[in-house]
Amino acid sequence: MKCLLTLYRKVHPSYRRLGLATKLKLKLEEEAESHKVNLIYTHTEETNNHVIELNKKIGYQEVRRGPIWDEVIRVSLIKQLS
């Protein structure tokens, strides 16, 4: 099994709400599949609701909620690729 961990992607505030994050995420998935990656793991802070909802909207499932390396609560999500 090949897994891809994604971290620290942001869209500049001037360009938010245009679907760019969704397009970037879907392009990442396309690239991952071309390299035979079949699982993507990502996480974000619990307070980052718009990112959590974006991920869920495109098929990511929440698998964990809690601190990882410090006291900040983070939500971990995964998506199985075909």
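Just so it is clear, none of the values below were taken in a lab; they were calculated from the coordinates. All values derive from a computational prediction rather than experimental measurement. Every residue, glycine among them, receives a Cβ derived from its backbone with ideal geometry; neighbour counts consider all protein chains shown.
So the values come out like this:
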read-out: Spin-label model distance (nm) - Lys36 vs Trp69, 7 Å beyond Cα toward Cβ; value: 2.9 nm
read-out: Selection of trypsin sites (Lys or Arg not before Pro), segment 35-82, meeting DSSP coil and at most 14 other Cβ within 10 Å; value: Lys36
read-out: Electrostatic dipole magnitude of the chain [Cβ: Lys, Arg +1; Asp, Glu -1; Cα centre; debye, to 20]; value: 260 debye
read-out: With at most 11 other Cβ atoms within 10 Å, longest stretch of the chain clear of loop chymotrypsin sites (Phe, Trp or Tyr not before Pro) (DSSP); value: 9-68
read-out: For Glu46, residues with placed amide H under 5 Å, excluding near neighbours; value: Ile73, Arg74, Val75
read-out: Cα-centred dipole magnitude for segment 37-82, charges only on beta-carbon of K, R (+1) and D, E (-1), debye, nearest 20; value: 260 debye
read-out: Sparsely packed GluC sites (Glu not before Pro) within segment 49-82, loop by DSSP, other Cβ within 10 Å at most 13; value: Glu71
read-out: Pairs of lysine residues in segment 7-82 - Cα separation under 16 Å, sequence separation of 8 or more or cross-chain; value: 15
read-out: Length-normalised contact order for the chain - Cα pairs under 8 Å, 6+ apart - percent; value: 32 percent
read-out: The chain, helix-only ellipticity at 222 nm - DSSP H runs n ≥ 4, -39,500 (n - 2.57), divided by all residues, nearest 500; value: -9000 deg cm²/dmol
